[in-house]
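Presented below is the structure to which this report refers.
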Amino acid sequence: MKWIKEIKASEITIIVLAFIAVLIHLLVINNLEYHRDELLYFSLGQHLAFGYNSVPPLVGWIACLMESIFGYSLFAVRLFPALMSGVMVVLVAGIARQLGGRQYARIIAGLGIIIPIFALRSFAFFMPVYLDIFFWTLSIYLIIKYINTGSDKILLVFGLVAGLALLNKYLIGLLFLIILVIIPFTRHRIIFRKKMFWTGILAGAVVFLPNLIWQIVNGMPVFGHLSELARTQLVYVNPASFLMEQILSPGAASILTIAGLIYLLINKSVIKFRFLGLAAIIVIVSLMLMHGKSYYTQGIFPFLIGAGAVSFERLLKHWSLRIVLPGILIFMTISILPYGLPIYGAEGLIKYFNYLESEYGMDVGRTFENGSKHSLPQDYADMLGWEELTAVAAKAYRMSADRKACIIYCENYGQAGAITIIGKKYGLPEAVCFSESFQYWYPEKFEPDITSFIYINHELGQDVKWLFRKIYIVGSITNPDAREYGATVYLCEDPVCSFNEFWKERIGKE
């Protein structure tokens, strides 16, 4: 009976930790505004498809579900990621158990996935990243589970999960490729003789097929996205910073990730899982050589946290030492918590980062993807100004001479997402935009012809100046800490010719 009580106690602790993980994320929901990318992904939910410009379709499907149930509030946007943070606690604790961990290891693993900077940040936003981390972790869990049980049914489940994971983010394909390359050199190569293995691959391919067809039909936009990414962002990635981020990103949990990797590589008790440790190293090295963003590796961290928890359980025998470890993890996290979560409003966050720079010379996180430095990290700067911009656009919409003959055009997807999502409460129409997946939805002709044109950009385009006789500046984003600072709303009226004729020529150039 004693072991039954022990299991119940550990499971209750894991459930409590999962609840804490969810609560932490829900408590900070309203400290800043929507993130630029959240506005895009929730806009996808209004246009269900088997693919989008830069992401597979799963994020749009989930957005549609959340919109239909909860609407378009910040709560609706961030509830699902918050809930998934709780699921991750249970999953990582499960990995620790599958690696031979007992009660202490499972609790440390559960705590270990709550405190990392990457986890706090990823599960705070509605983006494909949080699901990507979940699918990496679930996939590795299934691999470990199969090795422990030998159940062929797991192979089928793994195939289905792999197909679903690819519908969320293509990056996980790197993990699958590396595993398939490594397995023939291990004792597990017998898997290739199993019928269920190939059945699982077929099942995963069937799940992923609709998106593959969509990509082919639409000219493989994923390659264009990757090309633009490499040209505008990845060019600023350097190996030294990339490797440093592998330690900084987990924060205090790097104690566990490093210990977990070492444990997998040198401890004979987990020799059958050693290839997963090698796979983790190959993932990091491969992405570094490909100039990938540092956060692309985050999918391997939860698994390493689980392994690290098991290693410390075997290393720390005395109860006093076992109490010290979680205390250290929590203490180290508290001081750097704002790096992971916006626990303050914008002013509080700016004071925090300024204090670190002035007192300790630390200026980590405020360099944007293009190499420029700002008052806030890019993710936080991307969460400011949208409410103001939408309110100004709503004012311009009310000022228009004929709302039925009025459209709102935005130069980038963040602006378009703000008008489309936040604009719901103002009764604004969906934005027209050529950026990101909005390029698939703009109309080819307007009925009636447009006489009022609301234009949102940092500068007034020359073609707009030529087309309209009356142009008014209605307002702009005035918050200097917002990444979109200065984005201006123009109300343009009295066109010199048919807008439809102008539009026909304009979209012909796209």
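Membrane-span-like helices in the chain (whole DSSP H runs, Cα extent of at least 30 Å along the helix axis, mean Kyte-Doolittle hydropathy of at least 0.5): 2-27, 74-98, 128-149, 195-217.
Treating the beta-carbon of each Lys and Arg as +1 and of each Asp and Glu as -1, no other charges, what is the dipole magnitude of the chain about its Cα centre, to the nearest 20 debye?
Working: 42 positive and 36 negative charges, 567 e Å.
Charge dipole of the chain: 2720 debye, to the nearest 20.
Non-local lysine pairs in segment 86-245, meaning eight or more places apart or on different chains, with alpha-carbon distances under 19 Å, amount to 5.
List the pairs from Lys293/Lys465; Lys293/Lys504; Lys373/Lys465; Lys404/Lys465; Lys470/Lys504 whose alpha-carbon separation is above 30 Å, in the order I gave them. Please report the intermediate quantities before stating the final value.
Details: Lys293/Lys465 39 Å; Lys293/Lys504 39 Å; Lys373/Lys465 33 Å; Lys404/Lys465 22 Å; Lys470/Lys504 22 Å.
From the list (Lys293/Lys465; Lys293/Lys504; Lys373/Lys465; Lys404/Lys465; Lys470/Lys504), the Cα-Cα distance tops 30 Å for Lys293/Lys465; Lys293/Lys504; Lys373/Lys465.
What is the distance in Å between the Cα centroid of segment 156-232 and that of segment 493-508? Between the Cα centre of segment 156-232 and that of segment 493-508, the gap is 44 Å. The candidate values were [x] 1.05; [y] 0.96; [z] 1.01; the one computed from these coordinates for Rg/Rh (Cα atoms, Kirkwood Rh) carries the label [z].
If you average the sequence gap of Cα pairs under 8 Å that are 6 or more apart and divide by the length of the chain, what percent do you get for the contact order? That works out to 17 percent. Is the shape of segment 227-343 best called rounded, prolate or oblate, per the rule: a/c under 1.5 gives rounded, else a/b larger than b/c gives prolate, else oblate, with a ≥ b ≥ c the square roots of the Cα gyration tensor eigenvalues? Taking the square roots of the gyration eigenvalues as a ≥ b ≥ c, segment 227-343 is oblate. Only helices enter the 222 nm calculation for the chain: every DSSP H run of n ≥ 4 contributes -39,500 (n - 2.57), and dividing by all residues gives -19000 deg cm²/dmol, rounded to 500.
Please identify every one of the chymotrypsin sites (Phe, Trp or Tyr not before Pro) in segment 130-167 that sits in a loop by DSSP and has no more than 10 other beta carbons within 10 Å of its own beta carbon.
Listed in order of number, the matching sites amount to none.
Just so you know, all these numbers are worked out from the coordinates, no wet-lab data involved. Just so you know, these numbers come straight off a predicted model, no measurement behind them. Here the Cβ is made from the backbone with ideal geometry for all residues, glycine too, and neighbour counts use every protein chain on show.
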